[in-house]
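Novice: Take a look at the following structure, please.
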Amino acid sequence: MKSVISVPLPTQAYDVVIATQGLPQLGAWLAGATPLVKPGQRLLVVSSPAIFKFYGEPVVASLEQAGYVVQTYLLPAGERYKTPKSIQKLYDAALEFRLERQSAMVALGGGVIGDMTGFAAATWLRGVRFVQVPTSLLAMVDASIGGKTGVNHPQGKNLIGAFHQPRLVLIDPLTLKTLPPREFRAGMAEVIKYGVIWDRALFETLEAAPRLDQYRYVGDELLHTILTRSCQAKADVVSQDEKEAGLRAILNYGHTLGHAVESLMHYRGVNHGEAVAIGMVAAGRIATALGYWTEEEAARQQALIEKAGLPTQVPAHLNPEDILTLLQGDKKVEDGRVRFVMPKGIGAAFVTGDITREVIVAALG
């Protein structure tokens, strides 16, 4: 199966290619009739040891067969490694490999590898080309599309970053076969998010599925639907608001509280998708308390999150006051007010800063 989704941005339009057994075709797509990166250029492939062990050889072989000069650099994956120190290592590798303005960096891995590689590409020589080859469900449906790149600061997630659009996103669903079940579930949190904020039909499709908690229970046809509809939702939103001046903020549904949970957990014990799931449930409670949607809709969201095997409660040992303090340092704060994405029925959402700390604390329970 193969689908191509266009992201028609005025600054840098590109395609998201979803293709089974697509990794061996990466070089051909880059060096096509209108090359995205000119053959003969240097490509720095950035990955993690575990991912490169499985997929490094076909990717490098494909690029070399297309005429590129390839070097690789491996970084540990995981949010706690998503730091300026890791970026410095990529700069060192880029310098040693003599990357030039027409060169490119290729991210082969999950969202952390993609974010770090994209940020390094955005800032090396004031911007070199960048290609996303996501290998986790979360990266496929979210992190690889839209051009957000960055690293974490000790006081908050993704506080250091830049917008830098890729030249191509290549998704090969077969890479999910080696994804740990917990990471597959983490990606389902972002898929459910799209159903809540944008695509009611996707939400209902997920409700009809018998299981969503492991790759092997989903099946090829449903997985292709999940990937195409999620990527299309992201492309629709990003194409209307590339730099998050308005509409794009709805993609942060569940992330405001989720990022605070991740930070307080020091990126251990709760992964990104699990934190987003917790944040969505809390946001759903706030939306119910304020009358933005019904208790039935909140219950449907929670049931879907539970079907995906994701947590729904803030870890008991976290202090609500600590969460509120971190929320004040979130990127989405405006005029001192925390902005939350609120659902207004399944398939639609909006952003508001009119939520009191009392309502937030009540939703954390």
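Computed from the coordinates by the stated procedures, all read-outs in this text should not be read as laboratory data. Predicted, not measured: the structure shown is a model, and the values here were computed from it. Because the Cβ atoms are built from the backbone with ideal geometry, glycine has one as well, and the counts that use them run over all protein chains shown.
Novice: Using only alpha carbon pairs under 8 Å that are at least six residues apart, calculate the relative contact order of segment 64-210 and give it in whole percent.
Specialist: Working: 222 pairs, mean separation 28.3, N = 147.
RCO, segment 64-210: 19 percent.
Novice: Going from the alpha-carbon gyration tensor of segment 2-178, what semi-axes, largest first and in whole Å, does one get by taking the root of 5 times each eigenvalue?
Specialist: On the way: eigenvalues 93, 64, 54 Å².
Square roots of five times the eigenvalues give 22, 18, 16 Å.
Novice: If the convex hull of the alpha-carbon atoms of segment 210-309 is projected onto planes in all directions, what is the mean projected area in square nanometres?
Specialist: Details: hull surface 31.7 nm².
Taking the Cα atoms of segment 210-309, their convex hull projects to 7.9 nm² on average.
Novice: With a cut-off of 8 Å between alpha carbons and a minimum separation of six or more residues, what is the relative contact order of the chain in percent? Walk me through the numbers on the way to the answer.
Specialist: Working: 725 pairs, mean separation 55.4, N = 365.
Once divided by the residue count of the chain, the mean separation gives 15 percent.
Novice: For the residues 37, 112, what sequence is obtained by ranking on other C-beta atoms within 10 Å, fewest first? Provide the component values of the computation, followed by the final result.
Specialist: Numbers: 37 24, 112 27.
Fewest to most other Cβ atoms nearby, the residues stand as 37, 112.
Novice: If you don't mind, another one. So in the chain, what percent of DSSP beta bridges are antiparallel if you round to the nearest 5?
Specialist: 40 percent
Novice: Under a point-charge model restricted to the Cβ atoms of Lys and Arg (+1) and Asp and Glu (-1), what is the dipole moment magnitude of the chain relative to its Cα centre, in debye to the nearest 20? All intermediate terms of the calculation are to be shown ahead of the outcome.
Specialist: Numbers: 36 positive and 35 negative charges, 169 e Å.
My answer is approximately 820 debye.
Novice: By the gyration tensor of its Cα atoms, with a ≥ b ≥ c the square roots of the eigenvalues, what is the shape of segment 137-202: rounded for a/c under 1.5, prolate for a/b over b/c, or oblate?
Specialist: Values: a/c = 1.45, a/b = 1.38, b/c = 1.05.
Taking the square roots of the gyration eigenvalues as a ≥ b ≥ c, segment 137-202 is rounded.
Novice: To continue, here is another question. From zero outward in steps of 20 Å, how is the percent of C-alpha pairs of the chain spread across the bins?
Specialist: 32, 58, 10, 0
Novice: Another one. Does segment 273-352 classify as rounded, prolate or oblate by the C-alpha gyration tensor (a ≥ b ≥ c root eigenvalues; a/c under 1.5 gives rounded; else a/b over b/c gives prolate, otherwise oblate)?
Specialist: Numbers: a/c = 2.07, a/b = 1.21, b/c = 1.70.
Note, shape of segment 273-352 comes out oblate.
Novice: Ignoring everything except DSSP H segments at least 4 long, calculate the 222 nm mean residue ellipticity for the chain; use -39,500 (n - 2.57) per segment, divide by total residues, nearest 500.
Specialist: Working: 13 runs with 156 residues, N = 365.
For the chain, the value works out to -13500 deg cm²/dmol.
Novice: Using a basic spin-label model with each label point 7 Å from the Cα along Cα→Cβ, how many nm lie between residue 240 and residue 92?
Specialist: That separation, rounded to one decimal, is 4.5 nm.
Novice: Quick one: pull the percentage of alpha-carbon pairs in segment 181-364 with a separation above 28 Å. Mind showing how you got there, number by number?
Specialist: Details: 3212 of 16836 pairs.
The share of Cα pairs beyond 28 Å in segment 181-364 comes to 19 percent.
Novice: Show me, for segment 257-265, the HN-Hα J-couplings you get by feeding each phi into the Karplus relation (A = 6.51, B = -1.76, C = 1.60, θ = phi - 60°), rounded to Hz, glycine and proline as x.
Specialist: 5, x, 5, 5, 4, 4, 5, 5, 8
Novice: Now for a separate question. If you plug each phi of segment 233-249 into the Karplus form 6.51 cos²θ - 1.76 cosθ + 1.60 with θ = phi - 60°, what whole-Hz ³J(HN,Hα) values come out, in order, with x for Gly and Pro?
Specialist: So the Karplus estimates, Gly and Pro as x, are 4, 4, 4, 4, 5, 5, 5, 8, 7, 5, 9, 6, 7, x, 4, 4, 4 Hz.
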